[in-house]
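The values are calculated or read from the model by the stated rules, or taken from the named source; none is laboratory data. Model, not experiment: these values are computed from the prediction. Cβ atoms come from the backbone with ideal geometry, glycine included; neighbour counts cover every protein chain shown. Accessible surface areas use protein heavy atoms only, side chains included; no ligands, DNA or RNA. Shrake-Rupley method; radii C 1.70, N 1.55, O 1.52, S 1.80 Å.
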Amino acid sequence: MVWEIIIIGVIVLLLVVFFITIPVGLWISAIAAGVKISIFNLIGMKLRRVKPAKIVLALIKSTKAGLTVKVNQLEAHYLAGGNVDSVVNALIAAQRAGMELSFEKASAIDLAGRDVFEAVKMSVTPKVIETAKISAVAKDGIELLVKARVTVRTNIERLIGGAGEETVLARIGEGIVTTVGSANTHSEVLENPDDISKVILEKGLDAGTAFEIISVDIADIDIGRNIGANLLSLQAEADKVIAQAKAEERRAMAVAVEQEMRAEVVKAEAEVPRAMAEALRSGNLGVMDYYKLQNVAADTDMKKSIGDGASAYAAGKKTDSNQ
């Protein structure tokens with residue numbers, strides 16, 4: 001009797017361990033959904049550290065959608081670090097939209113770090129990207145602030161290795177700056193804003209990106225600063241500073257020349273007494289002649305001082321009469 005109880009307990013324990021370890025309920029759900037998968041496949045998934053629910057539920061979903069996806073493909077993608085659900089959802093969406101998308105292509109896009117399901121949805125339903133206000137200056141020097149709305153859709157073939165939205169926006173900005181900068185006046189751009197769209201579309205700015213530009217619509221154009229006038233003002237200010245510097249240079253040179261000339265005069269005056277002394281020694285100048293020169297110089301100084309005093313007196317009288 002004791003041995004029977006022990007055997008029954010062991011059997012119950014083995015059954016509990018079996019049902020806990022082996023996802024029997026998941027296997028029954030797969031069989032009920034028409035997915036051909038054996039219990040040994042589920043045991044193998046456990047041993048390979050693959051979550052059976054991820055694989056089985058994805059298989060059920062793909063089978064119900066009419067897709068042919070193998071267990072090994074899903075397991076390999078899961079072990080590579082991919083998102084199995086996203087790949088299956090993308091394949092279903094592509095099938096419904098009539099797009100050709102293989103499992104290999106979808107899994108490669110997913111492993112590249114792209115959201116393959118979002119890419120398929122965006123390929124079916126285009127996305128509108130709005131740029132910030134882009135500053136561009138026409139030839140007349142007037143700044144224009146342009147905002148554009150770009151309608152793009154995913155290019156599945158270029159999704160791997162293709163540039164993202166940032167590159168598209170940068171190229172749109174480049175096209176706007178080029179078009180506005182080529183206009184003679186800002187009024188031409190305001191009159192024909194669709195010229196910007198035409199230039200951008202003709203340039204094929206979506207080359208090398210993961211998107212295809214469908215349309216470019218100019219949402220808003222504002223008039224900004226008069227850049228040309230500001231530049232002319234700055235240039236005039238710079239020319240003024242340069243002219244002042246050159247004038248100061250010329251003044252300094254004139255002062256230097258004047259000082260050199262005064263130095264020459266002082267030097268010449270310093271030679272006069274020496275020349276007179278030499279003339280006295282050599283007998284070319286007599287003593288009486290020297291005294292006459294001294295008297296003439298004294299007389300000249302006296303007349304000059306009298307003249308300066310008379311001028312000062314006359315100026316003072318004139319000031320008194322004005323008051």
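Could you list the residues of region 173-208 with an amide nitrogen less than 16 Å from a label point located 7 Å from the Cα of residue 149 in the Cα-to-C-beta direction?
194, 197
Rolling a 1.4 Å sphere over the protein heavy atoms, what is the accessible area per residue of region 49-188, to the nearest Å²?
The answer is 48 Å² per residue.
At 1.4 Å probe size, with the rest of the protein present, what percent of the exposed accessible area of region 155-266 is carbon and sulfur atoms?
So the carbon and sulfur contribution to the accessible surface is 56 percent.
Just tell me which lysines come within less than 23 Å, Cα to Cα, of residue 292; anything on the same chain fewer than 8 places away is out.
303, 304
In whole Å, how far is the Cα centre of region 178-208 from that of region 81-106?
38
Heavy atoms only, probe 1.4 angstrom, no DNA, RNA or ligands counted: give me 150, 137, 69 ranked by accessible area, highest first.
137, 69, 150
Tell me the carbon and sulfur percent of the accessible area for region 20-137, rounded to whole percent, probe radius 1.4 Å.
57
Each label point is 7 Å from the Cα along the Cα-to-Cβ direction; what then is the distance between the points at residue 72 and residue 225, in nm?
6.7
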